[in-house]
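The values are calculated or read from the model by the stated rules, or taken from the named source; none is laboratory data. Predicted model only: the values in this text are computed from it and were never measured. Note that each Cβ is placed from the backbone with ideal geometry, even for glycine, and that neighbours are counted across all protein chains shown. Surface areas here come from the heavy atoms of the whole protein model, side chains and all, with no ligands, DNA or RNA. Shrake-Rupley method; radii C 1.70, N 1.55, O 1.52, S 1.80 Å.
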Amino acid sequence: MDINLILIVAAALVGIGLGALITFMVIKKANVTKADGILKVAEAEADVIKKTKMLQAKEKFDQLKLEHDKFINEKNMAVQQSENRMKQKEQSLAQKLEGAQRKDVELDALRQNLTHQLELVNAKQTEVDKFHKRQVEQLETLSGLKAEEAKAQLVESLKAEARTDAMSHIKDIVEEAKINANKEAKKVVIQTIQRVATEHAIENSVSVFHIESDEVKGRIIGREGRNIRALEAATGIEIIVDDTPEAIILSGFDPVRREIARLALHQLVTDGRIHPARIEEVVEKVKKQIEDEIVEIGKRTTIDLGIHGLHPELIRMVGRMKYRSSYGQNLLQHSREVANLCATMAAELGLNVKVAKRAGLLHDIGKVPDDQPEVPHAILGMQLAEKYKEKPEVCNAIGAHHDEIEMTTLISPIVQVCDAISGARPGARREVVEQYIKRLKDLEALALSYPGVDKTYAIQAGRELRVLVSSDKVTDKDAEALSFDISQRIQTEMTYPGQVKVTVIRETRAVNYAK
């Protein structure tokens, strides 16, 4: 019984082992089959990737080859161009060398010719010297004197005669100088004016702001006029928008305010954003810009005139002169002109040029501040100069240029005279237009009333009158007399500032035609 059981168990175990073995073999075969399939798929994908990479490598190679060929072609072209330029330079150098060789040949021929001419001249000079020597010997024989003795006697005689004439001339010159001292002083002043004549600018009470089209006017006015009201409130300038094409009028007595309004309008129109908040922002920005510009103008003015060590506040006041006027004359231009006139006149008189120029620039500094209007501008300017540690002679010249105080230095009368010269110069200060035109017309009509006068021109704002006369009716002597007569009539019959130069022009023209 136990043996059968054992056999049965053994048989069962053998069966189980055979089943496990068979199962293992079946599974292994399936795995081998699956691995083969995966391997084949992998090999196929590898072939595809290989082909793709080879195509990409081929395309990259072709691209690199094209770039390389292009680079080589460009280099070849550059080399070819360089060779062409070198050939052209070689040809040009060859031509220049050939021309230089021709010049050398011509110069050699010219040198030989000059050498021959020089030999002829030397031969002639030798003959002349021999002839001169014979003449001197003959004169010595006739006069009984040697040439050196005769020369010494002649020199002594000429010296005595020259000394006598010189003493006579010196006496006449001294007497004339005493008589004409005042005339010479005026001549110095006039020469100073002519040497330092400068341009001048006349400021008006209105400025014109130009716009590209009239459509901008509506944007500047704004809805119900709020933009223009905001701009007028911010700048203090009256803005006139009328039917004037492509223009807006800015009206105000203060040139600084007008300039601020003009620049603010320019920025607003350029930017395109025009509304009250933006207007206030731009106006504040422009005010700061104008203040910076005023300081820069003052610095540039002092540098141009060679004035150093000026207090920063005085520099700022000098810059503000650009936006001030005196009787229509720009204050900065007037002060610069007075400074240059003072420097020239001080140099002529042997005084300190730098101090004179400094006083001339600062003489009207009292017109710049807006406060203390009851104080004369000369006294106020002197007080400002003293406050900012200017030299006593400069302060005295500023305070005395209108005789408010006593002059204590020689610079003071120079500043006073130069201030009068600059202000009285014709055209420097504003005249009524009709009176100015009438004066020039009367000036021309006076010269036209003389016989032989063809044309007259009043130029240099009436400072010069040019008179063109007929050459067949007026001689050179008559022209000189005519100039004197006209100047005398102008002096006695007309009222004018400064002086008027009368120039009479007489010319003869010979004209023929080649046919």
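Among the residues of the stretch 267-279, what is the count of those that are farther than 17 Å from Ile221 by Cβ and touching a residue at least 12 places away in the same chain (Cβ under 8 Å)?
Adding up the residues that qualify gives 1.
Restrict the check to the stretch 318-339 and report whether at least one residue is in contact with a Pro (Cβ under 8 Å, 6 or more places away or on another chain) and of a type in the set (Phe, Trp, Tyr).
For the stretch 318-339, residues in contact with a Pro (Cβ under 8 Å, 6 or more places away or on another chain) and of a type in the set (Phe, Trp, Tyr): present.
Out of all the residues in the stretch 47-66, which are open to solvent by 100 Å² or more (accessible area, probe 1.4 Å) and either under 60 Å from the mean Cα position of the chain (by Cα) or charged (D, E, K, R) (or both)?
Lys50, Lys51, Lys53, Lys58, Glu59, Lys60, Lys65, Leu66
Residue check, Ser205 against (1) open to solvent by 50 Å² or more (accessible area, probe 1.4 Å); (2) at pLDDT 75 or above, all met but one. Which one?
(2)
Out of Asp454, Asp403, which single residue is among the acidic types (Asp, Glu) and modelled with pLDDT of 85 or more?
Asp454
Suppose the filter is part of a helix (DSSP H, G or I) and either touching a His at 6+ places or on another chain (Cβ under 6 Å) or modelled with pLDDT of 85 or more (or both); does Ala78 pass it? Please lay out each step first, then the result.
Numbers: part of a helix (DSSP H, G or I): yes; either touching a His at 6+ places or on another chain (Cβ under 6 Å) or modelled with pLDDT of 85 or more (or both): yes.
Taking the combined requirement at face value, the residue satisfies it.
Yes or no: the stretch 349-369 includes at least one residue that is in contact (Cβ under 8 Å) with a residue 60 or more places away in the chain, out of contact with any Ser or Thr (no Cβ under 7 Å at 6 or more places or on another chain) and assigned to a helix (DSSP H, G or I).
yes
What number of residues within the stretch 460-515 satisfy the criterion of being under 24 Å from Ala420 (Cα atoms), among the β-branched types (Val, Ile, Thr) and either at pLDDT 80 or above or open to solvent by less than 80 Å² (accessible area, probe 1.4 Å) (or both)?
4
Please verify whether Gly399 is without any contact (Cβ under 8 Å) to a residue 40 or more places away in the chain, in a helix (DSSP H, G or I) and closer than 19 Å to Ser422 by Cβ, treating the condition exactly as stated.
Answer is yes for this residue.
What are the residues in the stretch 388-409 that are surrounded by fewer than 21 Cβ atoms within 10 Å (Cβ to Cβ), under 35 Å from the mean Cα position of the chain (by Cα) and charged (D, E, K, R), if any?
Lys389, Lys391, Glu393 - these are the residues of the stretch 388-409 that are surrounded by fewer than 21 Cβ atoms within 10 Å (Cβ to Cβ), under 35 Å from the mean Cα position of the chain (by Cα) and charged (D, E, K, R).
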